[in-house]
Amino acid sequence: MTDKTITFVVPSYNVEDYLARCVDSLVDTADTRDVEIVIVNDGSHDRTAEIADAYAERYPDVVRVIHQENAGHGGACNAGIAAARGQYLKIVDADDWVDKAAYVTYLTFLRAQAASDQPVDLLVSNYTYENVEKHHTSTIRYANVFEAGKRLTWDEVKPFHIQQYLLMHTLTYRTAVLRDSGLKLPEHTFYVDFIFSFQPLPWVKTLTYLNIDFYRYFIGREGQSVQKDIMIKRVDQLIRVNDVMVQAMPGAESVGEPGAEAGAEPVPAGLYRYMLHYLASEFIVTSVFLILSNDQKRWAQKDEMWERLRAHDERVYADMRRYEWLTRLAGSRGALGRALVKTGYMLSNLAVGFNS
């Protein structure tokens, strides 16, 4: 570690049209003395490498560039995490950016934490969808879950809504937490942001929520991984991510007891409740796209996925099945269950719109 407060890791692959906007938003502040930006050029074939190097030359005390053979989003994040010198770390995808006004509040908070004897392990902030196809924005906030500005433990966290959970865009980890957790994201795999937002949580003991609209998430461009047809095509990768999360899920017997499976200390009940909620959300997403594939082999894979969870931890399986009605629906077998899932998916799109 150095005197850097925050490292922004910018995974970059063929993003020549977007990278400048991203990096400009991170250097466009009056004071970047303790800010580090690590651009990971993940084997790009366009002008990404050239643009990244130009920023490193222009801001030599702030911007560093890693050039590597293509390893996918997870591999790029791994390289950035390994190289980071900041006390805190945030992933900012190269086609996204941060809000200038919120950035000032964000840095002020992190600087105070960096100077503290007991810095919080995790900062949560809001993010805004910037949907270019639908020409609208939507901001995701967490005031119903966290008391803003307060140092919290997991047992002080309120229940999340059924479709609400923490994504990579919301999270700024203390770098040591990520490293202590042993996080290593799968290479050449999409949707690893689920793992990034899940696996390190047992090592997070304290967290703070800032009710600021900091992260701008750009969606709707052609070929983006959250588009419906692409998610169906890449559902095997969702299954892979799902299986990693199952292995990272603390066992129900570790709640409040010594020897927790996923961390060195007992798992707070509030953390178990949230991780169960998040795992349920990922199971729902994967189940829905397996069903929407209209492929009998995929329908069998859905049932197999749930059975692997049961075999891994019967109590977690039971807790998750009764935790939310959507998990029971997504885990239902047969034609009726598939029809109900498809109907629910269409209704949810009509009500709120799918992210792509």
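Taking every protein chain into account, the 1.4 Å probe leaves Thr137 with about 80 Å² of accessible area, to the nearest ten. In the structure shown, the pairs Lys184/Lys205; Lys150/Lys205; Lys90/Lys233; Lys100/Lys228; Lys233/Lys297 are assessed against 23 Å; a Cα-Cα span above that value is assigned to Lys90/Lys233; Lys100/Lys228. Using C-alpha pairs under 8 Å with a sequence gap of at least 6, the mean separation divided by the residue count of the stretch 6-219 gives a relative contact order of 27 percent. Solvent exposure of the stretch 6-219, expressed per residue, is 39 Å² of accessible area, with all protein chains present and a 1.4 angstrom probe.
Each residue was assigned an accessible area with a 1.4 Å probe, and for Glu253 the value is about 80 Å². In terms of the mean number of neighbouring beta-carbon atoms within 10 Å, the peptides 57-69, 40-52 order highest first as 40-52, 57-69.
Ranking Asp53, Asp17 from most to least accessible surface, computed with a 1.4 Å probe over the protein chains only, gives Asp17, Asp53. The listed residues Lys233, Lys184, Lys302, Lys228, once ranked by accessible area (1.4 Å probe) with the largest placed first, stand as Lys233, Lys184, Lys228, Lys302.
Simple point charges give the picture: +1 on the Cβ of Lys and Arg, -1 on the Cβ of Asp and Glu, and for the stretch 6-219 a dipole about the Cα centre of about 740 debye. Computed from the Cβ-Cβ distance with R0 of 51 Å, the FRET efficiency linking Glu307 to Tyr59 stands at 0.50. For His45 and Gln296, FRET efficiency with R0 = 41 Å and r from the beta-carbon atoms, rounded to 0.05? For R0 = 41 Å, the calculated efficiency reads 0.60.
When the residues His169, His135, His188, His312 are ordered by accessible surface, computed with a 1.4 Å probe over the protein chains alone, the sequence from largest down reads His135, His188, His312, His169.
The values are calculated or read from the model by the stated rules, or taken from the named source; none is laboratory data. Note that the coordinates shown come from a computational prediction; the quantities given were computed from them, not determined experimentally. Neighbour counts are summed over all protein chains in view; Cβ atoms, including those assigned to glycine, are modelled from backbone coordinates with ideal geometry. Calculation scope for accessible area: heavy atoms of the full protein, side chains included, ligands and nucleic acids excluded. Shrake-Rupley method; radii C 1.70, N 1.55, O 1.52, S 1.80 Å.
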